[in-house]
1. Need the full-extension length gain, A:VAL152 to A:VAL138, defined as separation in residues times 0.36 nm minus the C-alpha distance. One decimal, nm.
2. Scan chain A and hand back the longest stretch that contains none of the GluC sites (Glu not before Pro) lying in DSSP loops with at most 13 other Cβ atoms within 10 Å.
3. Which residue fluctuates most in the GNM of chain B (Cα springs below 10 Å): B:ASP89, B:ASP307, B:ASP192?
4. Exactly which trypsin sites (Lys or Arg not before Pro) in the stretch A:35-106 are in a DSSP loop and have at most 12 other Cβ atoms within 10 Å?
5. Per-residue Cβ counts within 10 Å, from other chains only, averaged over B:70-76: what number is that?
6. Once Rh is set to the Kirkwood radius over Cα pairs, what Stokes-Einstein translational diffusion coefficient, in µm²/s, holds for the stretch A:182-229 at a temperature of 37 °C and a viscosity of 0.692 mPa s?
7. By how many nm would the segment from A:ASN58 to A:ALA195 grow when fully extended, if each residue of separation counts as 0.36 nm and the alpha-carbon distance is taken off?
8. For B:ILE276, what residues show an amide H to amide H distance below 5 Å, using hydrogens built from the backbone and excluding near sequence neighbours?
Amino acid sequence: MVVAVRPRRLPAILDFYLTVMRTAVQEQFQYRAANYAYMIGMLAEPVIYLVVWSTVANAQGGEVGGYTASQLAAYYIVWTLVRNINIVFTPNGWEWRIREGELSGMLLRPVHPIHYDLAYFAGWKVVVVVMWLPLAVVLTAVFRPDLTVSPVEAIVFSVSLLGAYLIRSMFLWVLGMITFWTTRVAALYELYFTAELLLSGRLVPLSLMPPWAQTLADFLPYRWTFGFPIEALVGDLETSELLFGLGMQAAWTLAGAVLVALVWRRGIRRYSAVGN
Amino acid sequence: MSLEGPDIVVGGLTKTFVVPEREAGLKAAARSLFHRRHREVRAVDQISFTIEPGEVVGFLGPNGAGKTTTLKMLSGLLFPTIGRVSVLDHVPSKREKDFLSRITLVMGNRNQLQWDLPAVDSFEMNRAIYRIPRPDFERARDELVDLLEIGDLVHKPVRNLSLGERMKAEIAGALLHSPRILFLDEPTIGLDIGMQKRIRSFIAEYNRRNGATVLLTSHYMADVQALCKRVIVIHHGTILFDGQLSALSERFGTHKTIEVTLQDPSVSLDSYGEVISRDADKARISVPRAETSKIAARLLNDLPVVDLTIEDLPIEDVIEQTFAGGS
């Protein structure tokens, strides 16, 4: 007897995410060369940090702020993956999106535009990670990182990548939405990115920063998008610290989502009043 | 009147924009740092109309008349300043999912498809966005591809399509979810005459098959004449005319054209009206509408007429006169 099995329909929102991700993969694979050029350009930043701090560590008898040269190598190689994962739709894109009318097209769809951005950039990550792998092999061969990973750390790291992606997406969306009120906000973006550079673990591991900066970082979202995922894999965090970190990521994601909802409601009212 | 009530109801709809303004020059730029001047521009001013299900209505007006602003308010992209809008019993500016799933807005100068991918991939994305069940999606897609004759084109990256081909693909993408209402803003802009015709006949066919309501703006009168029995003429944000296209000439056409064929092509016609053209034995004279029959009788009496016909002015000329009169 043949039993006809009806395929279960995917929940609509999941279907939407998978379809947009697939579209992003198709589109971004067409830009292999551009993506590679971008990624190689991006590598300059962590390699400079790595060379500087390794030199400092070696000059201080092999260690700086609790990191040996090979631990720093591990930090900055993992950094490259985290950086690739937390690239999201930038605030600068908002100006273009509004001026070119792309936002109007998005508003006509029965799906909130943030879902499109989250799905599209998530799909892009698939391409980016595939392209990152050979570069990671080269960096590992050159800088010889010291990296021992437990299963718990690996799991927490994977989840924290999602957290980092969501937090950065939400906060840069909020920042980008300022474009609804004023068209030139580049200076404000620069201020945000400078603070991020210093207080996220992007420039240096946070443990190398002065105590006041570390305290300040505790009250801001930045460290949960850079420092925490890297330290989850590279550092020697206790299980309780790992879980606390994930909890903080969840809290900042929620805070970001609430902010997005509030600013979006007001911003879109203004956009709809003014047009483009 | 339809039993189910109108699809679109607009009452006293007004949209005012506040725009910054300043004089040219460095001094004015410096002054504007401290004191910004603004001016209110009323793009749409107290317009009211209803559109019944299945109607195809032409929305006419010169640039800046308020057509696109009105379409944007009807599709939920702009909040009205004052007035009431109801589309399919929804308030458009709330942009509810049910509302957005039942309308579409096609703007001739905007691109909604993914630029670097074949249109079929964008169609697939629209399937997911509008939650179209796969069998319905495949049926709609195949039907649209067939009707628009774009079978070969939808597999090429959109960036490689010509303007007309892209427009057809845009229209297909915008109709996959079988919208009940189509807002079409200059759908044939920049296209050659052949392509305009094909898109026109597609819209007519779509309306016939699906009973969809269509509100269309176009600068090409041929679009309007081919598709719309009813037109709404808007100028400076107010409605100048709302009625049958055929009645537009009667309402605004101040003149008619008499085409006369003469045995003797040398006779002067200047005393009968304004001679628009003269070609061998045929001449066309523009005469005041009210005096048409009197002048035609005079021509027949005075001259060796072989043939005589009376026509309304071409619709383009009537529209031009309408806007001139409304300024």
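Every read-out reported here was derived from the displayed coordinates using simple, explicitly stated rules and does not represent laboratory data. All values derive from a computational prediction rather than experimental measurement. Cβ sites come from the backbone with ideal geometry, for glycine too, and all protein chains shown count toward neighbours.
1. Numbers: separation 14, 0.36 × 14 = 5.04 nm, distance 2.64 nm.
Working it through step by step, the gained length comes to 2.4 nm.
2. Details: sites that count: A:GLU100, A:GLU238.
With a cap of 13 other Cβ atoms within 10 Å, the longest stretch comes to A:101-237.
3. Between B:ASP89, B:ASP307, B:ASP192, it is B:ASP307 that shows the largest mean-square fluctuation.
4. Working: sites: A:ARG83, A:ARG97, A:ARG99; in loops: none.
Here no trypsin sites (Lys or Arg not before Pro) fit, given the DSSP loop and packing criteria.
5. Working: counts 0, 0, 4, 2, 0, 3, 3.
Mean partner shielding for this stretch: 2.
6. Numbers: Rh = 11.1 Å.
Estimated diffusion coefficient is 296 µm²/s.
7. Numbers: separation 137, 0.36 × 137 = 49.32 nm, distance 2.82 nm.
Gain on extension, A:ASN58 to A:ALA195, equals 46.5 nm.
8. B:ARG284, B:ILE285, B:SER286
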